[in-house]
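**Student:** What follows is a single structure, and I will ask about it in a moment.
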Amino acid sequence: MRDTDSGIAAEFDPHEYPRWIVLGNKKQHPDSKEGIFSRPTLDNSGGVHEDTPMKRIREHLSRLFRRLPEPKAAAPTFSDFTPVAPAILVVDYRWPTPDQDSGSVRMTGMLEALIRLGFHVTFVADDAGAPETYRQILEAKGIRTIAGRENALAHLKKNRGAYQAVIASKPHVGVRYLMAFQVFIPDVPLIYDTVDLHWMRRLRQSDAEQNPALRILAHHDFRMESLLIPHADAVLAITEDERHIILERWPGTRVHLLHNIHEINALPRPFSERDGLMFIGGFEHTPNGDAMRWFASDVLPLIAETLPDIRLTIVGSNPTPEIQALQSQQVRVAGFVPQVEPCFNDARLFIAPLRAGAGMKGKIGQAMGYGLPVVTTTIGAEGMSLEHERTALIADTPEAFAAQVVRLHADETLWSRLREKALEHIETHFSTQQAEAALAEVLEATGGKTT
């Protein structure tokens, strides 16, 4: 973990959410309430102010930890065990739910790659809100699991020297655990997995929806990443574009690429036996809701002028009332579907009309891995090196998007060519072997051990 002196003051209760104060360009008293959650800004040129050394904070918190009573071990999912070397700790906000969101598909692929590299993996779910069955899936793979921050802190306190590396996923999770890492395992390499740049996603969503409240949330996300990135030994970016953005804003950061991870499973149904459009995406992720509302209101009526019988199937967990209200003769809101392969096998093409978001869009990689051709936007295509007319069709206006959908739905030659190139593209760039090599590289660079 990088021993970075910074202008961070923390009112820190290790059993509660830490309230961070990130100081600006001028000296401020540590009790100042100005900071990450009250004075957000994306254009501060000086970053955090070097005033209170992290070493001093860590020593103070270490004394606090020594005086604390042992955390209650009442939570039934707390595993009291000693990790076996080589061991790696992975912290995320909940158990991965790969049948519900693409981020969980990537996390599951990461965990499996770490196992293949020879690590004994411990996974901490900061919020064990996902059903217990998902924890059991991890345990069945040989992954040890810990539910909740209190149990994680007790485990770290007992097993300070057990881990060769720690991976913290997403900014709000990293912030919650950063100080505990500094106190308990300061010499263990910290790898921060951005998943995507959350602040960039919120800024785009704010612009797409004309919602200034989202811009405030983007500032908060930016402040959290401004705290985490300088203290990480390495950062995982999901696209080359986001890697460059990180390096521009935080020069000297060790940034590695870890793309989405997809399996190849070309579904067999031919063009002539398929019909209609498909979209998949969890609706806890707000860009998905914006995409479907925009498509239904601005694009679908244009398509229906040429294809009056066209039908869209929307698959995804937690559809909001607004999404459920799209149900009509032309739109089927299927909600969560445990086995999605039949949906991909029935549809003639996949749409991803995204106007917001960041990073890499797992839904597009999933569709391409099933051999289903894609029509998407520039934002949807970013980070995947997609080429218009070669690996996908790309359009941004309602008129252009509708025209590409109508064209692909009718042209079997184009459909077959895009299908073949999509499968080839996923196998070349986003396979499990690529992920394993990327993780081995970052762990080698930071001092983590692989077998």
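The values are calculated or read from the model by the stated rules, or taken from the named source; none is laboratory data. Because the structure is predicted, anything quoted here is derived from the model rather than measured. Glycine also receives a Cβ, built like all others from the backbone with ideal geometry; neighbour counts cover every protein chain displayed.
**Student:** When the range 367-380 is examined, which residues are found to be at pLDDT 90 or above and within 25 Å of residue 271 (Cβ to Cβ)?
**Tutor:** 367, 368, 369, 370, 371, 372, 373, 374, 375, 376, 377
**Student:** Being touching a strand residue (DSSP E or B) at 6+ places or on another chain (Cβ under 9 Å), surrounded by fewer than 19 Cβ atoms within 10 Å (Cβ to Cβ) and assigned by TED's automatic domain parsing to the domain that holds residue 282 is true for just one of 340, 375, 405. Which residue is that? Reasoning before the result, please.
**Tutor:** Values: 375 fails: surrounded by fewer than 19 Cβ atoms within 10 Å (Cβ to Cβ); 405 fails: surrounded by fewer than 19 Cβ atoms within 10 Å (Cβ to Cβ).
Criteria check complete, one pass: 340.
**Student:** Picking from 195, 166, 175, 188, which residue would you name as being in contact with a Ser or Thr (Cβ under 7 Å, 6 or more places away or on another chain) and touching a residue at least 60 places away in the same chain (Cβ under 8 Å)?
**Tutor:** Within the list 195, 166, 175, 188, the selection yields 195.
**Student:** For the range 332-355, state whether one or more residues are modelled with pLDDT of 95 or more, of a type outside the set (A, V, I, L, M, F, W, C) and in contact with an Asp or Glu (Cβ under 6 Å, 6 or more places away or on another chain).
**Tutor:** yes
**Student:** While we're here: Look at residue 162 and say whether it is in a loop (DSSP other than H, G, I, E, B), touching a strand residue (DSSP E or B) at 6+ places or on another chain (Cβ under 6 Å) and closer than 24 Å to residue 436 by Cα. First the steps, then the outcome.
**Tutor:** On the way: in a loop (DSSP other than H, G, I, E, B): yes; touching a strand residue (DSSP E or B) at 6+ places or on another chain (Cβ under 6 Å): yes; closer than 24 Å to residue 436 by Cα: yes.
Judged against the criteria, residue 162 is a match.
**Student:** Looking only at the range 155-168, filter to residues that are buried (at least 22 other Cβ atoms within 10 Å of the Cβ) and small (Gly, Ala, Ser); which one of those is farthest from residue 447 (Cα to Cα)?
**Tutor:** The initial filter retains those residues of the range 155-168 that are buried (at least 22 other Cβ atoms within 10 Å of the Cβ), namely 155-156, 163, 165-168.
The next check asks that each one be small (Gly, Ala, Ser); those that pass are 165, 168.
Details: 165: 8, 168: 16 Å.
Only one residue tops the list, namely 168.
**Student:** State which residue is farthest from residue 89 (Cα to Cα) when the search covers only the range 110-141 and only residues that are β-branched (Val, Ile, Thr) and part of a helix (DSSP H, G or I).
**Tutor:** At the first step, the residues of the range 110-141 found to be β-branched (Val, Ile, Thr) are 115, 121-122, 124, 133, 137.
Then drop every residue that is not part of a helix (DSSP H, G or I), which leaves 115, 133, 137.
On the way: 115: 12, 133: 21, 137: 17 Å.
The selected residue is 133.
**Student:** Which one of these is among the aliphatic types (A, V, I, L, M), over 19 Å from residue 279 (Cβ atoms) and not in a loop (DSSP other than H, G, I, E, B): 393, 408, 423?
**Tutor:** Among 393, 408, 423, only 423 is among the aliphatic types (A, V, I, L, M), over 19 Å from residue 279 (Cβ atoms) and not in a loop (DSSP other than H, G, I, E, B).
**Student:** Could you please let me know if residue 363 is surrounded by 20 or more Cβ atoms within 10 Å (Cβ to Cβ), of a type in the set (D, E, K, R) and either without any contact (Cβ under 8 Å) to a residue 24 or more places away in the chain or assigned to a helix (DSSP H, G or I) (or both)?
**Tutor:** Spelling it out, residue 363 is indeed surrounded by 20 or more Cβ atoms within 10 Å (Cβ to Cβ), of a type in the set (D, E, K, R) and either without any contact (Cβ under 8 Å) to a residue 24 or more places away in the chain or assigned to a helix (DSSP H, G or I) (or both).
**Student:** Any idea which of (1) more than 12 Å from the chain's Cα centre (by Cα); (2) at pLDDT below 90; (3) of a type in the set (A, V, I, L, M) is the one residue 197 doesn't satisfy?
**Tutor:** (1)
**Student:** For the range 237-245, state whether one or more residues are surrounded by fewer than 22 Cβ atoms within 10 Å (Cβ to Cβ) and touching a strand residue (DSSP E or B) at 6+ places or on another chain (Cβ under 6 Å).
**Tutor:** Within the range 237-245, one or more residues are surrounded by fewer than 22 Cβ atoms within 10 Å (Cβ to Cβ) and touching a strand residue (DSSP E or B) at 6+ places or on another chain (Cβ under 6 Å).
**Student:** Can you say whether residue 439 is touching a residue at least 24 places away in the same chain (Cβ under 8 Å) and more than 21 Å from the chain's Cα centre (by Cα), as far as the supplied structure shows?
**Tutor:** The answer is no for residue 439.
**Student:** Continuing with the same structure: Kindly provide the set of residues from the range 142-154 that are under 12 Å from residue 91 (Cβ atoms), assigned to a helix (DSSP H, G or I) and small (Gly, Ala, Ser), ordered by number.
**Tutor:** Hit for the range 142-154 is 152, nothing else.
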